[in-house]
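Asks: Let me begin by handing over the structure; questions about it come next.
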Amino acid sequence: MKTILFVDGYNVIGNWEHLERIKRQSIAQARDQLLEELADYIAYTGYRTIVVFDAQFVQGKESESMYRKMKIVFTEENRIADEYIEAHARDYMNASTNVIVATSDATEQWQIFGQGALRLSARELLIEIREMASQVQQDIKNIHQKTPKLTSNLDPKTKETLERWRRGSMPND
């Protein structure tokens with residue numbers, strides 16, 4: 001089953017303490033950090049992800065772009081992210097697709113839930129991302145422990161020769 005994840009970008013930024021601190025200095029940096037954290041998460045989960053930022057901080061026409069397999073949407077002036085998400089989430093709802101909306105906006109959660117989408121609070125999303133990162137680190141550690149080391153069975157002279165070659169020196173230098 002395919003999963004589509006909609007993220008209310010500014011709502012998540014405002015509810016993640018570390019991003020809220022960054023936002024006080026630079027909203028652009030907070031957006032970039034959010035996208036980086038989401039990119040790792042969606043690479044792991046395989047979710048098709050649409051991150052929506054409303055015109056609260058960026059004025060102009062609606063724009064869409066792609067970043068690390070995520071669709072990034074800036075709504076047009078006077079259109080909030082909630083409206084965009086509600087309108088477009090319906091487009092993806094069918095028997096073979098799960099739609100998840102990440103927001104801590106209670107009204108938005110009820111609206112989306114009423115349409116048949118699943119909801120994920122900003123806090124729950126952060127917990128999932130941190131658990132995923134921890135799992136990835138554990139998987140990497142396990143792989144390293146199970147991978148045989150080439151040099152473990154070599155005699156000291158051969159190890160020394162290989163090390164010199166690695167450093168760009170020839171054996172008789």
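Asks: Place the peptides 40-47, 98-105 in order of packing, highest mean first, counting for every residue the other Cβ atoms within 10 Å and averaging per peptide.
Replies: Final packing ranking: 98-105, 40-47.
Asks: Could you put HIS144, HIS18 in order of accessible surface area, largest first, with the 1.4 Å probe and the full protein assembly present?
Replies: HIS144, HIS18
Asks: Each residue of segment 121-133 in turn: what ³J(HN,Hα) in whole Hz from Karplus with 6.51, -1.76, 1.60 and θ = phi - 60°, glycine and Pro shown as x?
Replies: 5, 4, 5, 5, 4, 4, 4, 4, 5, 5, 5, 4, 4
Asks: While we're on this one: What are the residues whose amide H is under 5 Å from the amide H of VAL101, where those residues sit 5 or more places off or on another chain and H is modelled from the backbone?
Replies: For VAL101, whose amide H was placed from the backbone, the distant partners under 5 Å are PHE6, LEU118, ARG119, LEU120.
Asks: Here's a follow-up. Could you compute the net charge surrounding ARG48? Neighbours are other residues with a C-beta less than 12 Å from the C-beta of ARG48; K and R count +1, D and E count -1.
Replies: Combined, the nearby Lys, Arg, Asp and Glu give +3.
Asks: Please give the net charge around GLY60, taking every other residue with its beta carbon less than 10 angstrom from that of GLY60, where Lys and Arg add +1 and Asp and Glu add -1.
Replies: My count for the surroundings of GLY60 gives -2.
The values are calculated or read from the model by the stated rules, or taken from the named source; none is laboratory data. Computed from a prediction, not measured in an experiment: that's the story for all the values here. Please note: Cβ atoms are built from the backbone with ideal geometry, for glycine as well, and neighbour counts cover all protein chains shown. These area figures cover heavy atoms from the full protein model, side chains too; ligands, DNA and RNA do not enter into them. Shrake-Rupley method; radii C 1.70, N 1.55, O 1.52, S 1.80 Å.
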